[in-house]
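Undergrad: Have a look at this one before I ask anything.
Nothing in this text is a laboratory measurement; each read-out follows from the coordinates by a stated rule. This one's a predicted model, so the numbers in the text were calculated from it and none came from an experiment. Cβ sites come from the backbone with ideal geometry, for glycine too, and all protein chains shown count toward neighbours.
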Amino acid sequence: MIDSLCDQAAKEDIAVAGLYCDFVTQQDQTITNMLGAILKQLVGRGDIPEHLRDAFQKGKKEFGGRGLRLPDLMGMLKVTIASLPRVFICIDAVDECLPKYLPGLLGSLRDILQELPETRIFLTGRPHVKQDIDKYFIKAVVIPINPNADDIRSYLEMRLDMDAEPDVMNEDLRADITRIILERISDMCVRAFGIPNLSNDTYLPMVARRFLLVSLHIDAILGEVTIRQRRRKLEEMTQGNGLGDAYTGTLTRLKAQQGNKSILGLKVLMWVLYSERPLRAEELRHALGVEIGSVDQDIENIPTLRTILASSLGLVVVEASSSTVRLVHFTLQEHLSSDPTLFNSPHSAIAEVCLTYLNFRCVRALSPTLRSAPATSPLLEYASCCWAHHARRGMTENAKRLALRLLDGFEEHISSVPNGPGRW
Amino acid sequence: MRWLSPLEPSNRHQGVRTERFDGIGDWVLETKEFREWRSGEGGADKAVLFCSGNPGVGKTYLR
C-alpha cells in the first residue's frame, strides 16, 4: 500500500507516512512515539523545517530534554501536514496497538482530519477494531480482505518461481502441486465445520490462516531433494499427512537451535499445550523465568516475548485481542499430543514451576488481605489455581517437597484466602 | 530526528517489502472504495479507509 502510493508520489505531489503497530514492541508504541514516527517521515523528505528546529531548541531548554509532549507534537504535525500538498497516513494493524493508547491515536488522527480534511488515512486491522474506529470516524469506508483462490494461486506460483532447486521440478509436478494444494486447502476449511466443540472464535481465525497453511505445505514439498520425493510428499498431503510433516520438520529445526533456545522453544510449547487455560503473554513470560527450586524471583531471567516467539519458530502466536499465547493451528495440538516422548512429564514440570513461584520470597511477602494480584506477580493467579491440578497429574519428590513448604504456614499465604487469587 | 520518535517504521517496511509477493491483493487497489479514497473526490467524508480482515489474510502485505 505504502509502495503503490509512493510510486505515485513521484508523479503527483503527495507525501506518505506509514506505521506498523506490532504486538511485540507495543510497549514502545506510545501515542507520542507513533505520531512522532509519522512526523519524522513527513519531514524526512527535505530539510528540517524551521518551526521544528525552533521547537527542538526550545524543548531542549524547557523540558531539559525530557522529550515531546503530545500537544506540542500535534501542533508540529499539523503545521507540517498543512505545508505539504497532500498527505497519506497509513497505519497497519491498529488492533495491535495497546488498548490504552488506541483512543489517543485515533483521537489525534480525527483531530488532524478536522483541521486538515484533505488528509487521507488508511488503516488495517481485524474486524473487531471497527467498533473503535467508528467512535472516531463515523464515515470510515470499509473494505473486507479475504484471501480468495486467486490470491492463493498467485502465492503458490510465486513460491514455485522462487524454488531454490528448480532442477527438481517439472511441468506436471508443478501443475499438480498448485491444483492439489488449492483443493486441499478448501477441503480443510470445509472439514473444519464438522469438528464438534469448535467455537466460532477458534474457527474463524483458522480459515484466515489459510495462507500460513499453504506456506507450511509448500515448504514441506520444496524441502525434498528429488522430483520423486517431492511428488511423494504431495501425495502424502492428499492423505492428510502433509501438515504433520511440516510440523515435524519445524520441530526438528526447533530442537536443533543453538544453546538454550531449543530448551526455551520446547518449554514454550509445553506450557501452551498443557496449561489449564490459555496463558496471557505476561503469565507465560514469568513462568518461563522461574528456575525450579530458586528462592526468589529473578527479573533478569524472564525472557522477552520476542525471544519466546522466535524460539518457537512460529508454532505459537499471540492472539492480540486477548493477549493470550496459542498454538498456530489446532491440528498442531493433535500432532504434539501424539508424541509422548516429546515432553518428559510435563504436568510435574509445570507443578514445580507453580510451587516454586508460590514459595518465592516476594510472593510470600504479599499480604493475604490483598484484593487482587499485584501487577508485579502476573503468574500468581494461575499458580494458585492450578498447581494442585498439575501436581495430581504428575507428582515428583521435588514437587512434594515444594508443596509441603507451601502448605507450611499456608494460612499466612496469599493463595490460601477464600476470596484470594484462586477466586479472582 | 530521533528526538521526534525512537520508532523506525521504515525498518519494518523493508522487511514487509521483501516478503511481499507482487500481484497478491492488488484487487483492493481496483475497488471503487479505494479509488474514491485515493483521489480525494469524496472530501472529508471519504477520508478514512479501513481494510478489515482476520490474522494472516495478508492485510499487512497489501501493496
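Undergrad: Applying 1/(1 + (r/R0)^6) with R0 = 56 Å to the Cβ-Cβ distance of A:Met158 and A:Asp408, what FRET efficiency is obtained, to the nearest 0.05? It would help to have the intermediate numbers written out before the result.
TA: Values: r = 63 Å, r/R0 = 1.12.
Rounded to the nearest 0.05, the efficiency is 0.35.
Undergrad: Apply 1/(1 + (r/R0)^6) to the Cβ-Cβ distance of A:Glu50 and A:Asp28, taking R0 = 25 Å, and write down the FRET efficiency to the nearest 0.05. Can you show the working numbers first?
TA: Details: r = 29 Å, r/R0 = 1.16.
Approximately 0.30, to the nearest 0.05.
Undergrad: How far apart, in nm, are the 7 Å Cα→Cβ label points at A:Ile292 and A:Lys78?
TA: Going from the A:Ile292 label point to the A:Lys78 one covers 6.1 nm.
Undergrad: Related question: Just rank A:Val353, A:Val225, fewest to most, by other beta-carbon atoms within 10 angstrom. It would help to have the intermediate numbers written out before the result.
TA: Values: A:Val353 25, A:Val225 10.
With the fewest neighbours first, A:Val353, A:Val225 line up as A:Val225, A:Val353.
Undergrad: Can you give the average number of partner chain beta-carbon atoms within 10 Å of each beta-carbon in peptide A:133-145, as a whole number?
TA: On the way: counts 3, 1, 0, 1, 6, 2, 6, 8, 14, 6, 14, 6, 11.
Average neighbour count from other chains, rounded to a whole number: 6.
Undergrad: Arranged by the count of other C-beta atoms within 10 angstrom, fewest first, what order do A:Lys267, A:Lys100 take? Write out the running numbers ahead of the final one.
TA: Numbers: A:Lys267 23, A:Lys100 9.
The fewest-first ordering by Cβ neighbours comes to A:Lys100, A:Lys267.
Undergrad: Taking R0 as 35 Å, what's the FRET efficiency between A:Arg69 and A:Thr369 from their Cβ-Cβ distance, rounded to 0.05?
TA: Working: r = 39 Å, r/R0 = 1.13.
With a Förster radius of 35 Å, E is 0.35.
Undergrad: Within 10 Å, count the other beta carbons around each residue, average over each peptide in A:363-371, A:289-297, and list them highest first. It would help to have the intermediate numbers written out before the result.
TA: Values: A:363-371: 13.4, A:289-297: 15.0.
Peptide ranking by packing, descending: A:289-297, A:363-371.
Undergrad: Where does each of A:His217, A:His335 land when they are ranked from fewest to most other beta-carbon atoms within 10 angstrom? Mind dumping the intermediate values first?
TA: Values: A:His217 25, A:His335 20.
Fewest-to-most Cβ neighbours within 10 Å comes out as A:His335, A:His217.
Undergrad: Mind scanning A:Lys100/B:Lys32; A:Lys130/B:Lys32; A:Lys100/A:Lys261 and naming the pairs with a C-alpha gap bigger than 23 Å?
TA: Numbers: A:Lys100/B:Lys32 34 Å; A:Lys130/B:Lys32 20 Å; A:Lys100/A:Lys261 32 Å.
Beyond 23 Å between Cα atoms: A:Lys100/B:Lys32; A:Lys100/A:Lys261.
Undergrad: Within a 10 angstrom radius of each residue's Cβ in A:31-43, how many Cβ atoms of other chains show up on average? Whole number is fine. Intermediate results must be reported in sequence, preceding the final value.
TA: Numbers: counts 0, 2, 4, 3, 3, 7, 7, 4, 3, 10, 6, 0, 2.
So the per-residue partner count for this stretch is 4.
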